[in-house]
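*Asks:* Mind having a look at this structure? Questions to follow.
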Amino acid sequence: MSQAQVKYKPEISANSSYKFYMRVLAGPLAFFIVQAIPIAGLEAKAHFALSCYAWILAWWATMPIPWAITGFLPLILFPLGGAMPIKEVIALYGQRVFPFLLGVMLFGHAFRKHGLAKRMAMTVLSIPGVATSGTRLILMIIIVTSILSALVDDAASVAIMIPIALSVAKFAGDAFAKSSGATDSRTPRLMLASCLAVLYGSAAGGMATPAGVPFNPLAISLLEQLTGYQVSFAQWTLTGIILMVATIPVFYLVLKFMSPPEVKAISDGAAYFKEERKKLGPLNQGEKNVLFVLIVMVVLWFMPAFVTIKFLDIWYVPPVAMVLLFLLPINLKKNEMTLNAKDFQSGVLWNVLFLVVSGTAIAGGLAKLGIADWLGSMISGNVSAAVLPWLAGFVTPILSHLTSGTATTSMISTILFPIADNLGYNPAILARIIAGTALAVSFPWSGAAAGSAFASGEISFANMFKIGVVATIFTMIVITVLSMILVPLLGAYTVL
């Protein structure tokens, strides 16, 4: 579900202090450069806020301090420069996206903690005919991971599936060597393709639902905040599932041709996975509780498509799920619930959570000061409506490889949504494109999902970059084209 947080590691040793201070200075330098540029049509306080935004973007890119802490800079800088009183700045951070992501992250943690995710993966892989060759195995790893990533955090999906994929690839290599009489069971291309299949599957599945990655609710929130458009859970999922299904074969073909598995046939593949599934035993109480909460979430999210319930919208469901997870017991005698206080501390990606909240708050501040309208008037005269979706599809993956996908989503959406509105172009299309192309897969440092896959030891930097760039280009084209078609065709938006 989310491009999870990258661990913040301050580099302040004797050998790296210079680099650290250079990263620190990048922010103030960006501020003074923007502040020194004469900008016609922009009030002084708005100019100051724009300079602060440049500082924030520089620190989001270089990360001398955690993303979340950088996102709170407006609380210090806006009142200091007279751009906005502290009370108004604080009010910007009361975002509804906070409880949404908090609930989604805790559900993903419960899904992983109690083993329901692994059971689901083994169940699919044990279906007869699924694991009969190396290429088919790669396809199924992508599919299983994408389904998992639609329900839980993308990094969590990778963490769950990488050990399974490596085990699967090793079994396939051993089985192939045994049946062919080969003395060497090593299959480096299959191992590489299996690990990348997990990473690419997490990217495909992240698009499927608003709960997939933090970019999705962030784009939805900014869309409603900056324009007169709204997207429901059902509307987003309708186009998201189609995009997921469309990108899976793209990822598969890229892997098939750029890292073709050595294993041509696998004997007894279904029996192996069936045996692994048996080892899990029957559903435990924790799995039953998580499954019940999942059903409740799905029903509540899709109910507004059939019944009009005033209070029930996309933001209402995760808090309900969160409360249920802490109330449903596993063992009442031991006072053991599905989730506990320790899970609340360790199961939430706090850096990502506050990055999303602060990104939404900053966008609201820029809109309130008139900067979004000013950018729209400046760019709309030089950019046609037909260029906007391709601009979003091209720039988003580039920037998401340089900084976080969440920060990129916030920045690009803040700039392009008002422009689209001014040009009469449907900004809901851009929301779908930006969120769909923001998950970076070409660098180990692109995010926790990419880092976890790289940490498997089976992916070289050269292969990750080479194959990742090709996969990014092709999926960007598919996502952009299909978003332009599907969003208006299916009416996957509501005009407020």
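The values are calculated or read from the model by the stated rules, or taken from the named source; none is laboratory data. Computed from a predicted model, the values in this text were never measured in an experiment. Glycine gets a Cβ as well: all are built from the backbone with ideal geometry, and neighbour counts include every protein chain shown.
*Asks:* Could you tell me whether any residue of the stretch 273-290 is surrounded by fewer than 22 Cβ atoms within 10 Å (Cβ to Cβ), closer than 28 Å to Val356 by Cα and under 23 Å from the mean Cα position of the chain (by Cα)?
*Replies:* no
*Asks:* Taking only the stretch 33-81 into account, find how many residues are at positive phi and either hydroxyl-bearing (Ser, Thr, Tyr) or without any contact (Cβ under 8 Å) to a residue 40 or more places away in the chain (or both).
*Replies:* 0
*Asks:* Answer yes or no as to whether Val250 is part of a helix (DSSP H, G or I), without any contact (Cβ under 8 Å) to a residue 24 or more places away in the chain, closer than 21 Å to Pro397 by Cβ and out of contact with any strand residue (DSSP E or B) (no Cβ under 7 Å at 6 or more places or on another chain). Walk me through it before giving the result.
*Replies:* Values: part of a helix (DSSP H, G or I): yes; without any contact (Cβ under 8 Å) to a residue 24 or more places away in the chain: no; closer than 21 Å to Pro397 by Cβ: yes; out of contact with any strand residue (DSSP E or B) (no Cβ under 7 Å at 6 or more places or on another chain): yes.
Here the answer is no, as Val250 does not meet what is asked.
*Asks:* Oh, and also: Could you list all residues from the stretch 463-496 that are surrounded by fewer than 17 Cβ atoms within 10 Å (Cβ to Cβ) and among the small types (Gly, Ala, Ser)?
*Replies:* Of everything in the stretch 463-496, just one residue is surrounded by fewer than 17 Cβ atoms within 10 Å (Cβ to Cβ) and among the small types (Gly, Ala, Ser), namely Gly491.
*Asks:* With respect to Val348, is the statement that it is in a helix (DSSP H, G or I) and among the hydrophobic types (A, V, I, L, M, F, W, C) true?
*Replies:* Values: in a helix (DSSP H, G or I): no; among the hydrophobic types (A, V, I, L, M, F, W, C): yes.
So Val348 does not fit the description; no.
*Asks:* State all residues of the stretch 190-207 that are in a helix (DSSP H, G or I) and among the hydrophobic types (A, V, I, L, M, F, W, C); if no residue qualifies, say none.
*Replies:* If the condition is that a residue be in a helix (DSSP H, G or I) and among the hydrophobic types (A, V, I, L, M, F, W, C), then Leu190, Met191, Leu192, Ala193, Cys195, Leu196, Ala197, Val198, Leu199, Ala203, Ala204 are the ones that fit.
*Asks:* (1) closer than 16 Å to Lys256 by Cα; (2) small (Gly, Ala, Ser); (3) at pLDDT 80 or above: which one isn't true of Ala150, the others all being true?
*Replies:* The single condition Ala150 does not satisfy is (1).
*Asks:* Tally the residues that are assigned to a loop (DSSP other than H, G, I, E, B), modelled with pLDDT under 90 and crowded, with 19+ Cβ neighbours inside 10 Å, restricting the search to the stretch 381-437.
*Replies:* Total meeting the criteria: 2.
*Asks:* Given the options Ala156, Ala177, name the one that is surrounded by fewer than 24 Cβ atoms within 10 Å (Cβ to Cβ) and modelled with pLDDT under 75.
*Replies:* Only one candidate qualifies: Ala177.
*Asks:* Let me ask something else. Can you give me the number of residues within the stretch 120-158 that are assigned to a helix (DSSP H, G or I), in contact with a helix residue (DSSP H, G or I) (Cβ under 7 Å, 6 or more places away or on another chain) and farther than 23 Å from Gly240 by Cα?
*Replies:* Number of matching residues: 6.
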